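Taking it in order: structure first as structure tokens, then the write-up.
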Amino acid sequence: MKYLVILVLGLLLGAGIAVFLLGAPGFKSAPGERVQAPSADTAGTESVVITVGNGFFNDLLGAVFRDLDPPAFNIADAGDVPGLARYQPSALQQGCANTITLMQEVSNSKTQVQFANGKIQVPMAFNGSYNLLGNCTQFKGWAQSSLELRFDQEKQTVYGQVVVEGVNLEGVNPVANSFVTTFVRNAIDQRVNPLELIRAPQLQLLIPVKASNGSVKAQVKDVRAEVLDGTLKLHIFYEFSGARGQQQSG
């Protein structure tokens with residue numbers, strides 16, 4: 001019972017100190033409006049539909065892990081965190097990588113994309129290290145996260161917003177768990193977001209009509225998404241306008 005009380009107090013103290021030193025977990029919002037599902041007001045409206053399955057993204061991720069270096073990014077330096085730098089001995093800071101690296105698999109948890117239950121689920125396996133109050137803390141685990149799609153009409157770009165819903169760590173002292181969890185959340189929120197998934201050149205169309213001495217431009221006015229089990233359907237709605245004298249070269 002005595003050990004249990006000490007453990008609970010340690011967890012509460014760790015959480016309190018983490019929030020005091022690091023602040024609440026950051027969240028960098030992607031531009032634009034959240035992409036909604038098709039609705040009654042879009043029924044019967046012509047659109048371009050792009051359909052992709054789990055396998056497309058997982059093959060893409062497989063190529064990244066197989067042929068390139070695993071994605072890695074720095075966790076915020078101590079100097080970036082108000083109140084924390086003075087607790088970090090500089091000599092010890094230099095010996096710690098202060099990075100989080102996405103891994104293809106950690107302890108049977110895989111980095112992958114799953115279309116299920118109406119959500120784009122993106123579990124991410126990782127390992128890393130961080131200088132915590134003079135001690136180099138090694139950690140590994142996986143983040144339970146989802147991907148929210150957003151469309152910025154002005155920029156004609158579809159963005160992805162990674163939302164971390166939970167962090168599962170292995171081999172981390174319970175007292176340090178709150179610190180490391182906050183580090184991982186902040187690293188993903190601040191270093192990964194926002195993702196540019198589809199850019200303007202990939203969405204916009206310019207169709208030359210030589211006989212009319214001009215072109216027809218197509219800009220995206222709305223994007224809707226359906227998340228089915230194993231499949232994502234993007235519905236892209238265009239508006240057309242004529243532009244005299246503007247034709248694609250070649």
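A few remarks follow.
- Between L197 and V209, the modelled label-to-label distance comes to 3.3 nm, taking each label 7 Å out from Cα in the direction of the beta carbon.
- Principal axis box of region 91-176, alpha-carbon based, largest edge first, Å: 49, 32, 23
- Region 97-250 - percent of accessible surface contributed by carbon and sulfur, probe 1.4 Å: 44
- Only Cα pairs under 8 Å and 6+ residues apart enter the sum, and on that basis the relative contact order of region 152-210 stands at 55 percent.
- For region 152-235, the solvent-accessible area of protein heavy atoms averages 48 Å² per residue (probe radius 1.4 Å; ligands and nucleic acids excluded).
- Solvent-accessible surface (1.4 angstrom probe) belonging to E226, in square angstrom, nearest 10: 60
The values are calculated or read from the model by the stated rules, or taken from the named source; none is laboratory data. Small disclaimer: the values here were computed from a predicted structure and weren't measured. Methodologically, a virtual Cβ is constructed for each residue, glycine included, from the backbone with ideal geometry; neighbour enumeration extends over all protein chains shown. When the accessible area is computed, the model is the full protein with side chains, heavy atoms only, and any ligands, DNA or RNA have been set aside. Shrake-Rupley method; radii C 1.70, N 1.55, O 1.52, S 1.80 Å.
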